[in-house]
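Every number in this text was worked out from the coordinates using simple rules, so none of it is lab data. Since the model is a prediction, treat every value here as computed from it, not as a measurement. Here the Cβ positions follow ideal geometry from the backbone for every residue, glycine too, while neighbour counts run over all protein chains shown.
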Amino acid sequence: MQKPFATTLDPGSSLTNHTGTWRTERPVYVDRLPPCNNACAAGENIQGWLYDAEGGDYRRAWGTLVVENPMPAIMGRICYHPCESSCNRGQLDTAVNIHAVERFLGDEAIRQGWAFEAAPSNGEHVLIIGSGPSGLSAAYHLRRLGHRVTLCEAQPALGGMMRYAIPKYRLPRNILDAEIDRIVAMGVHIRLNTRIDDPVSEMKQSGCDAVYLAVGAQLAQRAYIPAGDAKRILDALSLLRAMEGDEPPRLGRRVLVYGGGNTALDAARTAKRLGATEAIVVYRRTREVMPAHDSEVREAEDEGVQFRWLSTIKKEEGTTFTVEKMKLDEKGFPQPTGELETIDADALVLALGQNVDLEFLKDIEGLGIEKGSVVVDSQMMTGSPGVFAGGDMVPSERSATTSIGHGKKAARNIDGWLRGKAWAPPARHPLASFDRLNTWYYSDAPKSVQPVLDEARRLSTFDEVSSGLDPSTALFEARRCLSCGNCFECDNCYGVCPDNAVIKLGAGSRFKFNYEYCKGCGLCAAECPCGAIEMIQEQA
Amino acid sequence: MLRQIEGSRAVAESVALCRPEVICAYPITPQTHIVEGLGEMVKSGQLKGCDFINVESEFAALSVAIGSSAAGARSYTATASQGLLYMAEAVYNASGLGLPIVMTIGNRAIGAPINIWNDHSDSMSMRDAGWLQLHAETNQEAADLHIQAFKLAEELSLPVMVCMDGFILTHAYERVDVPTQQQVDAFLPPFAPRQVLDPAAPLSIGAMVGPEAFMEVRYLDHQKQSQALELIPELSREFRDAFGRDSGGLLRGYRATDADTLVVAMGSVNGTIQETVDQLRAEGMKIGSVSLCSYRPFPAEALRRALGCASEIVVVEKCVAVGMGGILSMEIRNALSGLPLTVSTVVAGLGGRAITQKALRAVFQRAQFGQLQPLTFLGLNENVVSRELERQRDRRHSGPPAENILRDLRSPVCP
Amino acid sequence: MFQIRIHGRGGQGVVSAAEMLSVAAFLEGKYAQAFPSFGSERTGAPVMSFCRIDYKPIRLREPVLQPDALIIQDPTLLHLPGLFDGLDPDGFVLVNSSHQPAGYAAMACPREHRLFIGATELALKHVGRPLPNAVLLGAFSALTGRLHIESILEAIHEKFPGKIGDANDAAAQAAWQVVRETRMEAHATAN
Amino acid sequence: MPVTELKFYQTGTFTIGNRLLGEEDRAGQSAANRANSLNCGHRACQGCGEALGARYAIDAAIRASKGQLVVANATGCLEVFSTPYPESSWQIAWMHSLFGNAAAVATGIAAAMKVKGRNDVRVLAQGGDGGTTDIGFACLSGMFERNDDVLYVCYDNEGYMNTGVQRSSATPPAARTATTPAMGVEPGNRFGQGKSIPLIAMAHQIPFVATASVANLRDLEDKIERATLMRGSRYVHVHVPCPLGWGSEPSDTIKVARLAVETGLFPLFEAEFGALSGHTAIRRRVPVEDYLRLQKRFAHLFRPVVDVPRIAHIQAIADHNIERFDLLN
């Protein structure tokens, strides 16, 4: 067919017209730091493992999770999940129930018997003192890095505060044991009932090249209370620790708990479960400024725990406790009012905080102590070469999650130190803040709440209070993730480009721009739901 | 088969014999009987494989034809006068896209003042639109030209207008030899488009062309029409061989070879002119005539050969370029430039004014003695116009001419 | 060449009359041309149509200015100015009128070439509608002898197939008969 | 406790595609092998809504017709930026004739296909609002009235953008154009003018009439695909923002279109044989200010002072639509 000149054209011939020259700005794909990851003290890649979970590949999701944290089943239960408080979805409807999915993955791993793989040992040997979350985390990461690990624990069982301070109803022991065993199974040399008095010489004797101190804060803070009968007064740690023994302690029908932290609530709720008809938390300030987590307070209230705000305990005579009313001054500090009253109680549990036992560190040369904590540098190393420390021993927020993060960080630094090249943490991406999202594309869906045991059953037993998600609800919850700052292949950029300048690379391979034709209109960036495209100036 | 039928019917029959696939029609006097006839043939099943579409305007009529032709269907429509002007934009478009549409023009005057009668102002207004324009002298030729037009259009991939005088031909009952389907099929092959809208072989038809190529596009269009100058006589000969009669061609002379005075005209008026020529010949005047069939392409060379021998050329044309004069004669003057002869213009039959032998005879005789004005309006009522002109000289606002002229016609001083 | 001009009013079939004449001529192997006085006139307005008949092709396209025959379909038209313009001195005039009306004087043609016939009455009788066409064509054939009644009838049937054709056929024949007879008588008395 | 039933990936219904969705649940535009009927290299402005809408629509029509598609295009931006000699961006059998005759040309193409027995070929005509609501209206109405077998798609950018942003009968009240400047007692386009071609199309009782927007791709594709397969005259009116003419950011093209829908100013509905047969509910209703503020053509409503009465008038128009088409349900 000899077609007319100029007025009739061949199809698609405009490919020779490279409109990319129109561009003053170019789109680029970026990965931003999701706020959940940013908030996680254990440094988990939450968005990452949710992404895997969204696909229903729980094995893969769990694998991604434990790269940072070896104890998801435990963390999913006891972590106070700051990730959820910072979740962008919270500004849309409600935060993604991250801890529930984490717990689901952890439990699934236990059900399926998924195991860790340790790298082949390369000869270096590290001594870890203390088998709490920090010590276990360090042991795990060091084994993954190929080091031999000897873990010393003063108590007869591993787990530290996770075992001796957190009640069963919050952390069932079979879960605790399962995740600890999985770490031990990596080939960690365990020495129980072993209290170390001189870590440095112990390290040398046992032929170790470095030591990680992770004994936590074990000493209960005491307050001076004139007491007639001291046996009615005990501290929360010993109460909670005693729960692990054969003989449950007897507290009586009416129990006072003195303090305002999570431990105070644990003690009060434990007392209720031990048969106390009344458990009264006495706190010198108000609920607003109480350090305990709100969810804990709520559950305690649900269980009938009572509170006496703005009160201090002055003295004890038999079963009679004198309490003084306080009032807050303008700075918000409690001041005595002189008003006194008495309460009858069978026992008083002190939950006024814990201190680090520094005794065994006194001989370590160069190791610095400040305000009752061990001083460490940015590599978690103390003033003494090869001696690292983390967890509650060092200045920081005292939580299992933080301790796990310390363990990981310490392990990586110990590895660097042993290999003679300091570990350099990867650069952090800019934050994927809410304003970078195009939330119109996300459909609304309510958070699936974990079913909660009814109180009656809760009070009588130490069964776990919260039960887990089932596979479908877990999948649903995972899929509520907005994938903040990280492409989840929704095809929007590919679809909305008026110039067909986005190339689809296929499942899992994301997209790339065809700068030959991209005019730089920025529609792709504007319509990317998760803010994974950035417009940058073209260079002259 | 010989039949005594109306011109419009004859055209409808021969268009139908060309097996058109899409016909679109919007009524306008004097074209109506043609499309009515075709519509009837489609409805009755006499014309098969054809879609007859009643559209909402002439603009749509030609636009539909543009679409169907581009999609590879043999397409036909017909119009006249205001209708042709209303579709003007599409007229240029069809030729620019090289679509071989055939359209009948029932030549009619253009208003204002509105007038339904015959002259050539309408097709003349589209003379530069890139279409071929063929003028029929008789109803027989009108019928025959359509058969040739489809072949011509499709071989060149250009649209063709077949012009026939409104009423004078369209409404006249005459003897017409209507060919058989076999004859027409043998002469006219099925439509093989130069380009076609086909999902299997996509094309973009109707691109925007800028300064860098527009000139070339037009030049090529011009070349195509020049090719038609050879193709038209060829097809006419072919037609004679197949149908046994002379129709079409670029032009036809009548007693022209030895004439001193030659009359040139287009369309049906040539009949009356030839009668007049015979009279004058009988009286010894060396006069002849040339009937111009192909106005576009304009056969300058052929005209030069046909007219060169004469000394007096009288162009009788049914249109006037107001403010300039005769259009056809201007082009003929151009074609004959340099030859020792005079070309005078006789504007005749505007708005259906009868062109009589008597009046023609008079101007031809004047021409013979070189007394013919360069521009003559045949049968003009001098009295009326001179009074109107006087009136306008007297006062600027002389009222609407039409009324004044009526008054003059009634007033006794007029003969 | 024989030229006919038909005068009538819009709706009386002036145009089809000319057509039928041309068809009749064509059927007799003659060349014929019929065309209306192309106008925008509507029903009731005075209109004209023309017919030319010849033995060779007809090229002339002007209106019929020198008719050899005039057919006037409505007597009320007789007063129309210029009605008889150009009528051949030896031409024919056929008027649809049962009696000789006024305006009669204007006719400059031989007495025996004039014919008044109540065509409308005859039409009403045969066709049932006041359409004088067929009647006048039959009368025209008898009056002028230019076209055979057979070809007229065939043309009528071509124009109006079926019943209407038959009715008009009858009307035309009746008219033809009447005219022939009156002519005979006239001839007889003349001798 | 009640657990919301797991239906689909949580963004799946609104994003164009998704790695976790089956092909059938994705928008056609997500397909790696989509037609790209309007190819790279066209000369549309940055962020052109019409270029986007045209590719969406024609790709969908190609999919529905299994590639047996012929398109007639009216003069306008779309035609000029897609086929300037020597390059064409169209990958389909495509024709441009004139500004006002796309519907008639398509009728001709359809007639040709009919006589050739090509019932598999579907014919689509497309044009801007100028070529549709104004100069092409007679041909469009004629096509509707004859119920010719053509799908006509109008890309409505509310003005004559190709010629430099002049007012069309689709230009909304108060909008500033080159021929309705923002000055005088009633700045911008006068209130109480304009016409709704979809409603006029419905008055022709044709088989299918629908409105659509580049902001709701799935809805648009669904309507085009269904319309493509129907017989007789069908009309789809697609809202396509023009960054140049509206004074909006090229990157906001879809956002602006979305707001037009979410305010109720551009209702999404469909009708069969002249009767309303469905509508797309507003998901997150917003006041018209949110829409108007993004466009410089409405700047005079906010500067130097906020023109409360006129904004209220526009809000009333939106509210009327919402009520008339029941857009909240």
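Using a 7 Å offset from Cα along Cα-Cβ at D:Ala203, what residues in region B:28-59 end up with backbone N under 20 Å from the label point? Flagged as within label range: B:56-57.
According to the square roots a ≥ b ≥ c of the eigenvalues of the Cα gyration tensor, what is the shape class of region A:232-353, taking rounded for a/c under 1.5, prolate for a/b larger than b/c otherwise, and oblate for the remainder? Don't skip to the end; give the middle numbers.
Details: a/c = 2.01, a/b = 1.37, b/c = 1.48.
Oblate, because a/c is 1.5 or more while a/b does not exceed b/c.
Straight-line cross-link reach from D:Lys114 at under 16 Å between alpha-carbon atoms covers these aspartates and glutamates, not counting any fewer than eight positions away in the same chain: B:Glu21, B:Asp51, B:Asp198, D:Asp148, D:Asp149.
Listed by chain and number, the lysines placed with their C-alpha closer than 26 angstrom to that of A:Lys409 are A:Lys204, A:Lys362, A:Lys371, A:Lys421; residues fewer than eight positions away on the same chain are left out. Applying the Karplus relation 6.51 cos²θ - 1.76 cosθ + 1.60 with θ = phi - 60° to region B:282-299 yields 3J(HN,Hα) values of 4, 8, x, 7, 8, 10, x, 9, 10, 9, 8, 8, 9, 7, 10, x, 8, x Hz, where x marks Gly and Pro. Think of the protein assembly as shown as a dipole: +1 on every Lys or Arg Cβ, -1 on every Asp or Glu Cβ, centred on the Cα centre; then among A:Gln335, A:Asn174, D:His313, D:His313 lies furthest on the positive end. Rounded if a/c is under 1.5, else prolate if a/b beats b/c, else oblate: with a ≥ b ≥ c from the C-alpha gyration tensor eigenvalues square-rooted, which is region B:251-293? Oblate, because a/c is 1.5 or more while a/b does not exceed b/c. The long axis of helix A:98-112 is offset from the longest Cα principal axis of chain A by roughly 80 degrees. For the peptide D:115-121, the mean number of other protein chain Cβ atoms found within 10 angstrom of a residue's Cβ is 4. Exposure proxy for A:Thr402, D:Thr228: other Cβ atoms within 10 Å of each Cβ, ordered fewest to most, give A:Thr402, D:Thr228.
Per-residue Karplus couplings for region A:337-345, computed as 6.51 cos²θ - 1.76 cosθ + 1.60 with θ equal to phi - 60°, are listed in order as 10, x, 5, 10, 8, 10, 10, 8, 8 Hz, Gly and Pro entered as x.
If I take all pairs of Cα atoms in the protein assembly as shown, what percentage of them are more than 66 Å from each other? Summing the P(r) tail past 66 Å for the protein assembly as shown gives 40 percent. Each label was represented as a point 7 Å from its Cα along the Cα-to-Cβ direction; for A:His293 and B:Leu380 these points are 10.8 nm apart.
Across peptide B:170-178, what mean number of C-beta atoms from other chains lies inside 10 Å of a residue's C-beta? Don't skip to the answer; put the middle values down first.
On the way: counts 2, 7, 11, 16, 10, 10, 0, 0, 0.
Across the residues of B:170-178, the mean count of other-chain Cβ atoms within 10 Å is 6.
Taking other C-beta atoms within 10 Å as the exposure proxy, B:Met87, D:Met143 rank B:Met87, D:Met143 from fewest upward. Scanning residues 5 or more positions from A:Asn355 or on other chains, those with amide H under 5 Å from its amide H are A:Gln218, A:Leu219, A:Ala220, A:Gln221, with H placed 1.01 Å from N in the peptide plane. Taking every DSSP beta bridge that has both ends in the protein assembly as shown, the antiparallel portion is near 35%.
Would region A:115-212 count as rounded, prolate or oblate if I go by the C-alpha gyration tensor, calling it rounded below 1.5 in a/c and otherwise prolate when a/b exceeds b/c, oblate otherwise?
Here region A:115-212 falls in the oblate category.
Under the convention that each Lys and Arg Cβ holds +1 and each Asp and Glu Cβ holds -1, the size of the dipole of the protein assembly as shown around its Cα centre is about 1060 debye. Put a dot 7 Å past the Cα of C:His157, heading toward its Cβ, do the same for D:Arg303, and the two dots end up 9.1 nm apart.
Taking every Cα-Cα distance in chain A and sorting them into 20 Å bins from zero, the calculated P(r) comes out as 19, 45, 27, 7, 2, 0 percent.
What pairs from B:Lys358/C:Lys159; D:Lys195/D:Lys223; A:Lys231/A:Lys314; B:Lys43/B:Lys224 go past 27 Å between their alpha carbons?
Numbers: B:Lys358/C:Lys159 35 Å; D:Lys195/D:Lys223 22 Å; A:Lys231/A:Lys314 17 Å; B:Lys43/B:Lys224 37 Å.
Among B:Lys358/C:Lys159; D:Lys195/D:Lys223; A:Lys231/A:Lys314; B:Lys43/B:Lys224, the Cα-Cα distance tops 27 Å for B:Lys358/C:Lys159; B:Lys43/B:Lys224.
Between A:Gly275, A:Leu523, A:Tyr442, the Cα set farthest toward the positive side of the dipole of chain A (charges on each charged residue's Cβ, about the Cα centre) is that of A:Leu523.
Taking amide H as placed 1.01 Å from N in the peptide plane, D:Val214 has its amide H under 5 Å from the amide H of D:His239, each at least 5 places away in sequence or on another chain. Dividing the summed -39500 (n - 2.57) terms of all DSSP H runs of n ≥ 4 by the residue count of the protein assembly as shown sets its mean residue ellipticity at 222 nm at -10500 deg cm²/dmol.
Charges were assigned to the Cβ only: +1 to each Lys and Arg, -1 to each Asp and Glu. The resulting dipole of region D:240-315 about its Cα centre is roughly 260 debye. Database remark: amide H of A:Ile533 closer than 5 angstrom to the amide H of A:Val30 (H placed geometrically; neighbours at sequence offset of 5 or more, or on other chains; Pro and chain starts carry no H). Simple rule: put +1 on each Lys or Arg Cβ and -1 on each Asp or Glu Cβ in region A:232-353, find the dipole, and look at A:Thr319, A:Thr263, A:Pro291; the Cα lying farthest toward the positive end is A:Thr319.
With Cα atoms as the point set, the radius of gyration and Dmax of region B:251-377 evaluate to 13.0, 38 Å.
Counting neighbouring beta carbons within 10 Å and listing from fewest to most, the residues A:Thr277, B:Thr29, D:Thr83 come out as A:Thr277, B:Thr29, D:Thr83.
In debye, nearest 20, what is the charge dipole magnitude of region B:231-271 about its Cα centre with +1 on Lys and Arg Cβ and -1 on Asp and Glu Cβ, if you could check?
Numbers: 5 positive and 6 negative charges, 25 e Å.
Roughly 120 debye, rounded to the nearest 20.
Residues of region B:264-286 with an amide N closer than 18 Å to a point placed 7 Å from the Cα of C:Asp54 along the Cα-to-Cβ direction: B:267-283.
In units of the compact-protein estimate 2.2 N^0.38 Å, region D:37-324 shows a Cα radius of gyration of 0.96. Averaged over the residues of B:268-275, the number of partner chain Cβ atoms lying within 10 Å of the residue Cβ comes to 3.
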